[in-house]
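Here the structure is laid out as structure tokens; the discussion comes afterwards.
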Amino acid sequence: MKTVTLRNGVTVPALGMGTWNIGDSTARRVDEIESLRRGLEAGLRVVDTAEMYGGGRSEDLVGEAIADVRDDVYLVSKVVPSNASYDGVRKACRRSLKHLDTDWIDLYLLHWRGGTPLEETIRAFEDLKDDGLIRGWGVSNFDVDDMEEIESLSGNCLVNQVLYNLEHRGTEFDLLDHDLGIDTVTMAYSPLGQGGELLEHPALKDVASRHETSQGPADPAQIALAWVLRRPNVMAIPKAGSPKHVAGNLASLEITLTDADLKTLDSAFPPPKRKVSLAMI
């Protein structure tokens, strides 16, 4: 399994599991917990959630799913900018720990940049780390100028979580290489796009028709995920909404895209030729 190594020396699988909109439906709860369990059993150690997801419902579900295997999980959660003051971060972290029913969060991220000075938020992160409540911290939805400011304040930012998929390639112009250069891992959220439109594109179906996995013929979702995972220093956290989706995501690790495949995808989804604003959802 492909891995990435964080600047603190921790190595984790490059494929993880996201939980946006997970925990919102009691009817889906059993399936969603089973999905996370299946992924963990298969070696997908990284589970990403946030205080914002369902107002803590996602964290509650994650906590239930990982309760007896906590030591095997690399747990990620996020604090919203409205809680990014020194006291706000510390209170939000403790609230997330309660939802997650755990004593520590492995990676704690600022969900996006708000009005609180970064120096204040970082000070809270570092104190949480000293207290043993988190083991590392990072950011989300930060562009190059934001990352330059972070780096001027601290060399401890482990991850920058950003929107990255075939439909949103703007980060390739400068951000991905910048993060690689400062030894910060890029974590791609929504690597399969939103709403399923990306996966209906003829180019993805064409490339999928050229590949097989242990599950059978490849599908467009597996191609889209293999495309994100092809880059060094990049990990992906597709939603783990059902056991079937988790199995499909795992099969994407078997796919190596050829030069012809990449040419087909570049033709359909051109890489950026200039700096564009950072996309986020």
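What follows draws every value from the coordinates through simple rules; no lab data is involved. Please read these numbers as outputs of a predicted model, since none were measured by experiment. Counting neighbours? That spans all protein chains shown, and the Cβs are built from the backbone with ideal geometry, glycine included.
Among the residues making up the stretch 154-170, a single one is of a type in the set (S, T, Y) and closer than 18 Å to S267 by Cα: Y164.
All of P243, P238, P232 fail the test of being farther than 18 Å from R169 by Cα and in contact with a helix residue (DSSP H, G or I) (Cβ under 8 Å, 6 or more places away or on another chain), apart from P243.
Quick check on the stretch 121-137. Is at least one of its residues surrounded by 15 or more Cβ atoms within 10 Å (Cβ to Cβ), touching a Leu at 6+ places or on another chain (Cβ under 8 Å) and under 22 Å from K239 (Cα atoms)? So far as the stretch 121-137 goes, yes, one or more of its residues are surrounded by 15 or more Cβ atoms within 10 Å (Cβ to Cβ), touching a Leu at 6+ places or on another chain (Cβ under 8 Å) and under 22 Å from K239 (Cα atoms). Report whether or not I255 is among the hydrophobic types (A, V, I, L, M, F, W, C), touching a Phe, Trp or Tyr at 6+ places or on another chain (Cβ under 8 Å) and either surrounded by 19 or more Cβ atoms within 10 Å (Cβ to Cβ) or over 24 Å from Y108 (Cβ atoms) (or both). So I255 does not fit the description; no. The set of residues in the stretch 23-58 that are farther than 21 Å from W137 by Cα, buried (at least 17 other Cβ atoms within 10 Å of the Cβ) and basic (K, R) comprises R29, R37, R38, R57. Screening the stretch 97-113 for residues that are within 13 Å of L128 (Cα to Cα) and over 14 Å from the mean Cα position of the chain (by Cα) and picking the one that is surrounded by the fewest Cβ atoms within 10 Å (Cβ to Cβ) gives D103.
Which residues, taken from the stretch 164-202, are in a loop (DSSP other than H, G, I, E, B), within 22 Å of R274 (Cβ to Cβ) and in contact with a helix residue (DSSP H, G or I) (Cβ under 7 Å, 6 or more places away or on another chain)?
As a first pass, look at the stretch 164-202 and keep what is in a loop (DSSP other than H, G, I, E, B): 164, 166-167, 169, 173-174, 182-184, 190-197, 201.
Going one step further and asking which of them are within 22 Å of R274 (Cβ to Cβ), we end up with 164, 166-167, 169, 173-174.
Y164, L166, E167, D174 - these are the residues of the stretch 164-202 that are in a loop (DSSP other than H, G, I, E, B), within 22 Å of R274 (Cβ to Cβ) and in contact with a helix residue (DSSP H, G or I) (Cβ under 7 Å, 6 or more places away or on another chain).
Scanning the stretch 224-281 for residues that are among the charged types (D, E, K, R), more than 23 Å from V185 (Cβ to Cβ) and part of a loop (DSSP other than H, G, I, E, B) yields K273, R274. Residues in the stretch 81-105 that are farther than 18 Å from V47 by Cα and of a type in the set (A, V, I, L, M, F, W, C): 3 in all.
R70: surrounded by fewer than 17 Cβ atoms within 10 Å (Cβ to Cβ), over 19 Å from L110 (Cα atoms) and in contact with a Ser or Thr (Cβ under 7 Å, 6 or more places away or on another chain), yes or no? Full working, then the answer.
Values: surrounded by fewer than 17 Cβ atoms within 10 Å (Cβ to Cβ): yes; over 19 Å from L110 (Cα atoms): yes; in contact with a Ser or Thr (Cβ under 7 Å, 6 or more places away or on another chain): yes.
Judged against the criteria, R70 is a match.
Touching a residue at least 24 places away in the same chain (Cβ under 8 Å) and among the basic types (K, R): does that describe K78? Answer is yes for this residue. Applying the condition of being among the hydrophobic types (A, V, I, L, M, F, W, C) and farther than 15 Å from G18 by Cα to the stretch 182-202 and asking which residue is surrounded by the fewest Cβ atoms within 10 Å (Cβ to Cβ) yields I182.
Within the stretch 115-128, residues that are under 15 Å from S82 (Cα atoms) reach partners that are in a loop (DSSP other than H, G, I, E, B) with beta carbons closer than 7 Å, at six or more positions or on different chains, in the pairs T116/A84; T116/S85; E120/S85; T121/A84; I122/S154. Checking each residue in the stretch 203-223 for being assigned to a helix (DSSP H, G or I) and surrounded by fewer than 15 Cβ atoms within 10 Å (Cβ to Cβ) picks out only K205.
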